[in-house]
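The values are calculated or read from the model by the stated rules, or taken from the named source; none is laboratory data. Here the structure is a predicted model, which means the values were calculated and not measured. Neighbour counts are summed over all protein chains in view; Cβ atoms, including those assigned to glycine, are modelled from backbone coordinates with ideal geometry.
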Amino acid sequence: MVRVFLAAVAAALVAIDAKPFFLNDRDIVERIETQDGGHLESAQIVNEEWFEQQLLDHGRDGCGDGQVWKQRYFTNSEFYGGPGSPVFLYINGENVARNTTVVSKNLFMNILAKKHNALIVSLEHRYYGKSQPTTDLSTSNLKYLSADNALADIATFQDYFTANRNLSSNSPWVAFGGSYPGMLSAWTKFSYPNRFVGSVASSAPIELHPDYFEYMEVVGYGLKYFGGEECVNTLSEGLKAFHALVASEKPEDVAQLKKLFNPCAPIKSDLDRMDIESNVMGAYQNFAQNNDWDTYVLKDACADLNAKDGLTPLEKVAKINARSYPACTGSSYQNDIVDALSNPARDTVGIMRQWIYQTCTEFGFGQTAKKSKSPFSALEYVNVERVYYQMCKDVYGITDPDPLIAAKKAHFQGLDIDVENVVFPSGTIDPWSALAPSNSTHLKNPKSSVVYIEGTSHCRDMNAPRATDSGHIVWAHQQIENSVAKFLQK
Ligand SMILES: *[C@@H]1O[C@H](CO)[C@@H](O)[C@H](O)[C@H]1NC(C)=O
Ligand SMILES: *[C@@H]1O[C@H](CO)[C@@H](O)[C@H](O)[C@H]1NC(C)=O
Ligand SMILES: *[C@@H]1O[C@H](CO)[C@@H](O)[C@H](O)[C@H]1NC(C)=O
């Protein structure tokens, strides 16, 4: 999902010069699918399929205004045991759906589908990929983009699919998803308790608020976990010195900043200062969020920070930064954020304009530094006023997101959600875990459970078992497998 947000926007622009960084930003589940050559269960070709009668506005369902659009999906019936056998629904979120998902051997869901003779279905989310309900992404058209409509799409799709495939009405459905789709997976069971017997909600940040300063606290925790006090202390000193350069207008400081961080454009305002600070921070967001997949991750950053190489903390931070932004570091709020997010043209590949709209109208998730108890608190320009409120206003004209986020939280109950048969896996190193159920969460419903995994990051449990798995991952898979078996018990 939900992934690094501001940094990702900036990275998309830098990408022309800095391809490696852009690749870092790939959807995590796509990376799971494609690892080791992306083994498939069989050689079959999975064609895209379409549900042509999806409703645009479920809120108006029944009022006669039944405008419809085409929603894309993929299926795999090679394990399907026939009438009465389960259906496993893979929920997509802010990503382009792929034909490989339903056949990938690398996804734990598919291993479980084989075990339970399940029919596998993957449904693309409205406004992402080829599932475009409107002619463009203008702000007025984006009003139909919401988790609520996506959930209603799932219910409508389920009825269509059941009829279209002659499935028996008592086929048990289980929902799967990680990150934003993990939220949707939990909320599907919450919204439609009788349509789904249960769901797996991996790395699902279901607690919603605008200032998500805890993200950087988990990044700080991860750095300490792999690199000790020394790593976070050096980083903290380096970031303080970097912030001092960003804040200064003295010619020698501007020259030093240019030499060490090479801003892509002259810094003219505090919003530009926020932009470059959040880009520098974004590198560490990626190290943490992709810790289980990338080649340079938290322990490598700490190895560089702890190295006895004669560099000052500031120079170390600059050296690490140059890995992520080899050409230059984004420093124009207008270019990197406002312009990058404002193009209303229909986009079947890009996801940022749609996703950030959802954060401004539904979820919050502003990734800030200032309030965090972490080395990143030195980056004082990265506060919620700039990163979130100002951005939502400048890009979408949304001036008061607070009541929207509060209403969504009230509806889905945040971490107080009372929902049966949902298993919530998440990892201690995952920056999104601070908003997901963990071992310190008291789940209201005793039929749901938490699988809090030591030392793993975002969506790690979604990967099928591998020989190199830690004992913690083996334990987590066992818990998830047991939960799914329990959901399916007659
Ligand atoms: C997925 O689609 C691509 C492009 O249409 C095709 O080349 C590939 O063979 C498909 N993969 C599967 C597993 O069907
Ligand atoms: C569903 O049943 C109808 C009528 O019996 C039949 O024509 C159709 O081929 C069946 N569809 C599938 C996918 O089995
Ligand atoms: C969470 O609690 C379970 C059950 O007590 C335990 O097995 C697991 O190791 C805990 N996770 C962490 C990260 O402490």
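Tabulated data for the structure shown
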item	result
Condition met for Val46 (closer than 18 Å to Ser185 by Cα and in the same structural domain as Lys189 (by TED's automatic domain parsing))	no
Sole exception among (1) assigned to a loop (DSSP other than H, G, I, E, B); (2) touching a residue at least 24 places away in the same chain (Cβ under 8 Å) for Glu249, by number	(2)
Selected residue (only one of Leu298, Leu257 is closer than 15 Å to Gly227 by Cα and buried (at least 20 other Cβ atoms within 10 Å of the Cβ))	Leu298
So Val174, is it in a helix (DSSP H, G or I) and of a type in the set (A, V, I, L, M)	no
Flag if Ala247 is among the aliphatic types (A, V, I, L, M), outside the structural domain of Ile453 (by TED's automatic domain parsing), within 30 Å of Ser426 (Cβ to Cβ) and out of contact with any strand residue (DSSP E or B) (no Cβ under 7 Å at 6 or more places or on another chain)	no
Strands (runs of 3 or more DSSP E) wholly inside the stretch 57-156 that include at least 2 residues being in contact with a Phe, Trp or Tyr (Cβ under 6 Å, 6 or more places away or on another chain) and either of a type in the set (Lys, Arg) or touching a residue at least 60 places away in the same chain (Cβ under 8 Å) (or both)	68-76, 87-91
Leading residue by the ranking (surrounded by the most Cβ atoms within 10 Å (Cβ to Cβ)) among those in the stretch 310-357 that are touching a Cys at 6+ places or on another chain (Cβ under 9 Å) and of a type in the set (Val, Ile, Thr)	Thr329
Neighbours by Cβ (under 6 Å, 6+ apart or cross-chain): first from the stretch 388-399, without any contact (Cβ under 8 Å) to a residue 24 or more places away in the chain; second surrounded by fewer than 20 Cβ atoms within 10 Å (Cβ to Cβ) and among the hydroxyl-bearing types (Ser, Thr, Tyr)	Lys393/Thr399
Selected residue [farther than 29 Å from Thr359 by Cα and not small (Gly, Ala, Ser)] from Leu119, Leu145, Leu137	Leu119
Conditions (1) touching a helix residue (DSSP H, G or I) at 6+ places or on another chain (Cβ under 6 Å); (2) free of Cβ contacts under 8 Å to residues at least 24 places away in the same chain: number failed by Phe412	(2)
Qualifying position, being in a helix (DSSP H, G or I), surrounded by 14 or more Cβ atoms within 10 Å (Cβ to Cβ) and either in contact (Cβ under 8 Å) with a residue 60 or more places away in the chain or among the aliphatic types (A, V, I, L, M) (or both), among Ala485, Ala434	Ala434
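Residues are listed down the side, and each one gets a yes or a no for (1) outside any helix (DSSP H, G or I); (2) surrounded by 21 or more Cβ atoms within 10 Å (Cβ to Cβ); (3) modelled with pLDDT of 95 or more; (4) away from ligand 3 (no atom under 16 Å from the Cβ):
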{"site": "Met391", "(1), (2), (3), (4)": "no, yes, yes, yes"}
{"site": "Pro403", "(1), (2), (3), (4)": "no, no, yes, yes"}
{"site": "Lys409", "(1), (2), (3), (4)": "no, no, yes, yes"}
{"site": "Ser440", "(1), (2), (3), (4)": "yes, no, yes, no"}
{"site": "Leu443", "(1), (2), (3), (4)": "yes, no, yes, no"}
{"site": "Ala476", "(1), (2), (3), (4)": "no, yes, yes, no"}
{"site": "Ile480", "(1), (2), (3), (4)": "no, yes, yes, no"}
